[in-house]
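**Student:** Have a look at the structure that comes next, please.
The values are calculated or read from the model by the stated rules, or taken from the named source; none is laboratory data. These numbers come from a predicted model, not from an experiment. Please note: Cβ atoms are built from the backbone with ideal geometry, for glycine as well, and neighbour counts cover all protein chains shown. The accessibility values were calculated without ligands, DNA or RNA, using every heavy atom of the protein model including side chains. Shrake-Rupley method; radii C 1.70, N 1.55, O 1.52, S 1.80 Å.
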Amino acid sequence: QVHLVESGGGLVQAGGSMRLSCVASGSIFTINTRGWYRQAPGKRRELVATITRGDSTNYVDSVKGRFTISTDNAKNTVYLQMNSLKPEDTGVYYCYSGNDLRDYWGQGTQVTVSS
């Protein structure tokens with residue numbers, strides 16, 4: 001079992017920056033991919049960024065060049081640095097960890113970007 005706790009959401013003006021953090025605990029040795037998803041009101045949850053155990057990253061096109069995913073393995077933490085935020089980045093951001101057998105999700109943190 002893996003437990004994920006996110007932090008760092010809130011309200012920011014367009015053009016601003018914000019960093020999300022997600023601390024993992026439990027059987028983290030089983031995890032090979034970590035990442036962030038988001039869900040805007042009335043829309044489906046979508047992938048934002050992922051990072052593998054080998055530090056290979058993947059981003060949705062809409063955030064490339066603005067968002068950066070990184071990990072601190074000593075702290076069992078994955079970060080999402082979000083710069084040049086836009087109103088369309090508004091949503092609930094969910095931390096993800098998983099392997100071939102199972103997915104784990106955090107409780108979500110609200111990010112609101114005002115225009």
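**Student:** Rounded to two decimals, what ratio of Rg to Rh does region 1-89 give with C-alpha atoms and a Kirkwood Rh?
**Tutor:** Details: Rg = 13.3 Å, Rh = 13.8 Å.
Rounded to two decimals, Rg over Rh is 0.96.
**Student:** Now a separate question. Contact order normalised by length for region 60-115, with contacts defined as Cα pairs under 8 Å and 6 or more residues apart; what percent is it? Write out the running numbers ahead of the final one.
**Tutor:** On the way: 67 pairs, mean separation 15.5, N = 56.
The normalised contact order for region 60-115 reaches 28 percent.
**Student:** Still on this model: Relative contact order for region 14-115: what percent, with Cα pairs under 8 Å and sequence separation of 6 or more?
**Tutor:** After rounding, I find 34 percent.
**Student:** With θ set to phi - 60°, apply the Karplus curve 6.51 cos²θ - 1.76 cosθ + 1.60 along region 25-36 and write out the HN-Hα couplings as whole Hz, x wherever there is a Gly or Pro.
**Tutor:** Each residue of region 25-36 in turn: 9, x, 7, 5, 5, 7, 7, 10, 9, 10, x, 9 Hz.
**Student:** Kindly report the accessible area of the chain per residue (heavy atoms of protein chains, probe 1.4 Å, no ligands, DNA or RNA), in Å². List each step's numbers first, then the result.
**Tutor:** Details: 6190 Å² over 115 residues.
Heavy-atom accessible area per residue stands at 54 Å².
**Student:** If we sort 69-75, 82-88 on the protection proxy, mean other Cβ atoms within 10 Å, highest first, what's the order?
**Tutor:** Working: 69-75: 12.7, 82-88: 15.7.
Final packing ranking: 82-88, 69-75.
**Student:** Taking all protein chains in place and a 1.4 Å probe, what share, in percent, of the accessible surface of region 4-64 do carbon and sulfur account for?
**Tutor:** Numbers: 1710 of 3430 Å².
Heavy-atom surface of region 4-64 belonging to carbon and sulfur, 1.4 Å probe: 50 percent.
**Student:** Let me ask you something else. Straight-line reach from Lys64: which lysines have a Cα under 25 Å away, not including same-chain ones fewer than 8 places off?
**Tutor:** Here the lysines satisfying the reach criterion relative to Lys64 are Lys43, Lys86.
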